[in-house]
Amino acid sequence: REPPEGPADTGPRKQHHPAAVTDAQMATLWRHVAECYERVNDAHEMLTCLKNAVKYAPADLELGVTVADISSQTGRDDAAMKELERLLAINAQYVPALLRLGTLYQSRYDRDSMPIWRRVLAIEPHNEEARQALAQLYVEQIQEEAPRYGWFDRFRRRAEKEKIAFLEEGRRELPNHPTLLMALGEVQANTGRAKQARQAFTQAWE
């Protein structure tokens, strides 16, 4: 027997049905529902709708970034990282995804964000967020100091020289970055290099 026609025909449409809904339309519908939940501040339902939208538009990078943002905001950092990594597998140079992934990596002890910031700077050499994050990483890696007095003093001096060399390496990567210059000036002042310290502080100020 032939199936009923007209209003009673409310089942899902097959792909080639004249009234079939396209994947793009389904993605738009789910995004619209997500916006409704956003208006009532229901982030969890909003995230569910956005994930459904991604199923119909997996290559929509902007949509994927939104899913990652809401995932992170709702305490799902692992899911956010997984989504960002998926987007970068589609487009390895998508800077919005790289910036967010770098920020998430930087908050984790089991991830290294330095390569992410370098990838951003390879694409956008003047990206201020990536420049500042990379400079701060250099500074953080020299902040643990050896004891300053007594028998350990010679080890402290050696450690200070290693810090200066490390910061100089950072300066080659980020020429004249004020965060690096300030850190360099502090280390040089600690080792009695007053003239070099003044030069570094002056450059940072300028």
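The values are calculated or read from the model by the stated rules, or taken from the named source; none is laboratory data. Predicted, not measured: the structure shown is a model, and the values here were computed from it. For neighbour counting, all protein chains shown are included, and Cβ atoms are generated from backbone atoms with ideal geometry for every residue, glycine included. Quick note on the areas: whole protein, heavy atoms, side chains included, nothing else; ligands and nucleic acids left out. Shrake-Rupley method; radii C 1.70, N 1.55, O 1.52, S 1.80 Å.
Classify the stretch 96-146: rounded, prolate or oblate, from the alpha-carbon gyration tensor (a ≥ b ≥ c, eigenvalue square roots; a/c under 1.5 rounded; otherwise prolate if a/b is larger than b/c)? The shape class here is oblate.
The phi-based Karplus calculation (6.51 cos²θ - 1.76 cosθ + 1.60; θ = phi - 60°) puts the 3J(HN,Hα) values of the stretch 52-60 at 5, 4, 4, 4, 8, 9, x, 8, 7 Hz, whole numbers, x for Gly and Pro.
With r defined as the distance between the Cβ atoms of residue 89 and residue 39 and R0 fixed at 25 Å, what FRET efficiency is calculated, to the nearest 0.05?
Working: r = 33 Å, r/R0 = 1.31.
Working from the Cβ atoms, E equals 0.15.
Taking a ≥ b ≥ c as the square roots of the eigenvalues of the Cα gyration tensor of the stretch 59-110, is the shape rounded (a/c under 1.5), prolate (a/b larger than b/c) or oblate? Oblate shape, in that a/c is at least 1.5 and b/c is the bigger or equal ratio. Looking at the stretch 45-87, the accessible area is 45 square angstrom per residue; that uses a 1.4 Å probe and ignores ligands, DNA and RNA.
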